Amino acid sequence: MAETVNAHETHGEDPSRRDFIHIATMATGAVGVAAVAWPFIDQMNPSADTLALASIEQDIGKVAPGQQLVVKWRGKPVFVRHRTPAEIAASVKDDHAEMRDPASDASRTKPGKQEWLIVIGVCTHLGCVPNFGTGDYGGWFCPCHGSVYDTAGRIRKGPAPRNLELPSYEFTGPTKVKIG
Amino acid sequence: MSGHSKYEPKTGFERWLDVRLPIVRMAYDTAIDFPTPKNLNYWWTFGGILAVCLVIQIVTGVVLAMHYVANGALAFNSVEHIMRDVNHGWMIRYIHANGASMFFLAVYVHIARGLYYGSYKAPREILWLLGCVIYLLMMATAFMGYVLPWGQMSYYGAVVITNLFSAFDNVIPGVGTAITTWLWGGFAVDNATLNRFFSLHFLLPFMIAGVVGLHIWALHVPGNNNPVGVDVKSKEDTVPFHPYYTVKDAFAILVFLLLFSWFVFFAPEALGHADNQVMANPLATPSHIVPEWYFLPFYAILRAVPDKLLGVLGMFGAIAMLFALPWLDTSKVRSMRYRPTARWFFFLFIAATLGLGWCGGKLPDDVVIPIGQDAVTGDATGFTVVMLSRVLAIYYFAYFLVVLPALGLLEKTLPVPETISTPVLPKGGAAMLSGATASPEKKG
């Protein structure tokens, strides 16, 4: 009978061919699923217009010593702090104190512009905005979980793992700064 | 869904429908004729209460979505518009906002019921796990819903919770930042974040409804656990769900709705926070931020750990304990009525969880037990909230990881009745067997 002959033949040869077809189909399917999934995952990343807001220019001439200006950059606050000589001295004195994220005061500012400390005003613990001029070191105190930063924005106490982040910036004039 | 259906179609239409889509049969078997242990107490009514809560949240939520605008510039004002201008908007929003609290109140009672009476033990592990999944989905939904009014608490709640993922920077630098940027759709919580949270806040309740369907399915295979904790042995141990438990549940639901209404109409902002009446400001954090009350115990655990990554792991670990529970509790006796030692550890566990909740609402450096005085400021010093949180958090984990595994092996349990009916029958005590051998057919 024709059927019997056919069945017999497939036993001899087809299992491997059939396995190949199964594996090839599944592999192609997996690649297809991944190719379709990626756009749906990546759409959640920052959009082109969000990325375009990458740099701002700010006049800081009106910030008196001892004051802080808060500017919004990429949706986040940036602290522009005009430090007093006493604040700078207190910070430099602690350069070799034990710290979680050791950094010298000089590494936190631009050369010759030691009085201007420019940091991203977002606590490195869980993202709250630390309060100006409070806490044990006169720098910042984060109200959410009690992280304490000194006048160089270095983490000194509390749960935050790192110093306040430095944005990339440059002085474009004596009182003009470009952030981003 | 288990056993033989006793449904008999009465009308011609029901007979016609029954051979095409036996949906009336399913409803009859599930909610009318379902054999239910006859000794369920009021702690068992919270399942029905939770179903009502879910329906209330979905109905009020869909209505609110008709008036709400998910845009960073407009959201706050659209909520004010709902409160002031939309007909009955204030009531619908207060029902939805307080409904979330009522939902969590009921789910905590429901979970505690399961913990006390051993409802997570074989053969109900899947039922329990599905409940844990519902609880996780509820937390995600509540969190994203709280962000939508776009007040200060909304905003910084979103900031803190999404920043939990930045802890992965401590494992592989950059990974945590990549995750938070992806979650936010930007470099900070902003309009893109609000939009996606609104979309997901709308979706998740329907996913909860789906898992609730599975939860009820998984309930109806082994049937209800009961306060005695022994299996149903005969038909005499059960009563039909209707009218016995439809009426009992309905009564409990009405009492619960009284409490619900009291909050909605007499203290609608009692569980909220004044700072959320201030529009979100990315440049200034309120001086004291706290999550909603139902997250406070986990928040206290997060703050109790001085390391960021470990704090986050501790917080998620506290929930993971619930998932692992069926395999951590080694005792073969379900109900703590017959576990004289375990029940005290259980009550201590409830107290510790409530204590953690209290700690979560306080500032970490607040002094609980004053011992001395600060030499400079004169402020009291001593045992602080964060220290108390540590003690309580250690007990929270020890309950799951040490107490329950060890007690199952060490504890001398009381004699467990042979059947549900035994304790209430005359001379019932004569039929009792010792706890360890009461139901040798059960495997723990």
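No value in this document is a laboratory result; all are computed from the given coordinates. For clarity, every value in this text was computed on a predicted model and none was experimentally measured. Cβ atoms come from the backbone with ideal geometry, glycine included; neighbour counts cover every protein chain shown.
Classify chain B as rounded, prolate or oblate from the Cα gyration tensor: take a ≥ b ≥ c as the square roots of its eigenvalues, call it rounded if a/c is under 1.5, otherwise prolate when a/b beats b/c and oblate if not. Don't skip to the answer; put the middle values down first.
Numbers: a/c = 2.09, a/b = 1.30, b/c = 1.61.
Taking the square roots of the gyration eigenvalues as a ≥ b ≥ c, chain B is oblate.
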Under 5 Å, built H, 5+ apart or other chain: amide partners of A:TRP73: A:VAL78
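Shape call for the protein assembly as shown from the C-alpha gyration tensor, a ≥ b ≥ c root eigenvalues: rounded (a/c under 1.5), prolate (a/b greater than b/c) or oblate? Before the final figure, lay out the partial values.
Values: a/c = 1.94, a/b = 1.57, b/c = 1.23.
Prolate shape, in that a/c is at least 1.5 and a/b is the bigger ratio.
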Of B:PRO9, B:CYS132, B:GLY272, which is farthest towards the positive pole of chain B's charge dipole, taken about the Cα centre with +1 and -1 on the beta-carbons of Lys, Arg and Asp, Glu respectively? B:PRO9
Please name whichever of A:ASN45, A:ILE88, A:PRO161 sits farthest to the positive end of the charge dipole of chain A, dipole taken about the Cα centre and charges placed at Cβ: Lys and Arg +1, Asp and Glu -1. A:ILE88
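Under the rule a/c < 1.5 gives rounded, and otherwise a/b versus b/c splits prolate from oblate, where does segment B:225-346 land using the Cα gyration tensor? Mind dumping the intermediate values first?
Values: a/c = 3.53, a/b = 1.43, b/c = 2.47.
Oblate.
Charges at C-beta only: +1 for Lys and Arg, -1 for Asp and Glu. How large is the resulting dipole of segment A:50-179 about its Cα centre, in Debye rounded to 20? Numbers along the way, then the final one.
Numbers: 17 positive and 13 negative charges, 63 e Å.
I would put it at about 300 debye.
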Treating the beta-carbon of each Lys and Arg as +1 and of each Asp and Glu as -1, no other charges, what is the dipole magnitude of chain B about its Cα centre, to the nearest 20 debye? 1360
State log₁₀ I(q)/I(0) for segment B:104-205 at q = 0.15, 0.16, 0.21, 0.22 Å⁻¹ as given by the Debye formula over alpha-carbon point scatterers of equal weight, solvent excluded. -0.75, -0.81, -1.02, -1.06
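Evaluate E = 1/(1 + (r/R0)^6) for B:VAL247 and B:ALA398, where r is the Cβ-Cβ distance and R0 equals 45 Å; express this FRET efficiency to the nearest 0.05.
For R0 = 45 Å, the calculated efficiency reads 0.60.
Filter the GluC sites (Glu not before Pro) in segment A:22-124 to those in DSSP coil with at most 16 other Cβ atoms within 10 Å of their Cβ, and list the result.
On the way: sites: A:GLU57, A:GLU87, A:GLU98, A:GLU115; in loops: A:GLU98, A:GLU115.
Passing sites in segment A:22-124 are A:GLU98, A:GLU115.
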Specify which residue in the list B:THR413, B:LEU388, B:ALA398 is farthest towards the positive end of the charge dipole of segment B:352-428, using unit charges on the beta carbon of Lys, Arg (+1) and Asp, Glu (-1), about the Cα centre. B:THR413
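Could you list B:ASP307, B:ASP275, A:ASP150 so that the one with the fewest beta carbons within 10 Å of its beta carbon is first and the one with the most is last? Provide the component values of the computation, followed by the final result.
Working: B:ASP307 13, B:ASP275 18, A:ASP150 25.
With the fewest neighbours first, B:ASP307, B:ASP275, A:ASP150 line up as B:ASP307, B:ASP275, A:ASP150.
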Cα-based count: Lys pairs in chain B below 19 Å, eight or more positions apart or different chains? 18
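Under a point-charge model restricted to the Cβ atoms of Lys and Arg (+1) and Asp and Glu (-1), what is the dipole moment magnitude of the protein assembly as shown relative to its Cα centre, in debye to the nearest 20? Don't skip to the answer; put the middle values down first.
Working: 47 positive and 46 negative charges, 208 e Å.
Magnitude of the dipole: close to 1000 debye.
Taking every pair of alpha-carbon atoms in chain A, give the share separated by more than 27 Å as a whole percent. Show your work: numbers first, answer last.
Details: 7671 of 16110 pairs.
Roughly 48 percent, once rounded to a whole number.
Hey, what number do you get for the protein assembly as shown at 222 nm if only DSSP H runs of n ≥ 4 count, each worth -39500 (n - 2.57), divided across all residues, to the nearest 500?
Rounded to the nearest 500, it is -16000 deg cm²/dmol.
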Work out the mean other chain Cβ neighbour count within 10 Å for the residues of A:41-48 and drop it here as an integer. 4
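Quick one: how many lysine pairs does segment A:50-179 have with C-alpha atoms less than 15 Å apart and a gap of 8 or more or different chains? Give me the count, please. Show your work: numbers first, answer last.
Details: A:LYS62/A:LYS176; A:LYS72/A:LYS178; A:LYS110/A:LYS176; A:LYS110/A:LYS178; A:LYS113/A:LYS176; A:LYS113/A:LYS178.
Summing the qualifying lysine pairs gives 6.
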Per residue, what volume in Å³ does the convex hull of the Cα atoms of segment B:291-339 enclose? 111
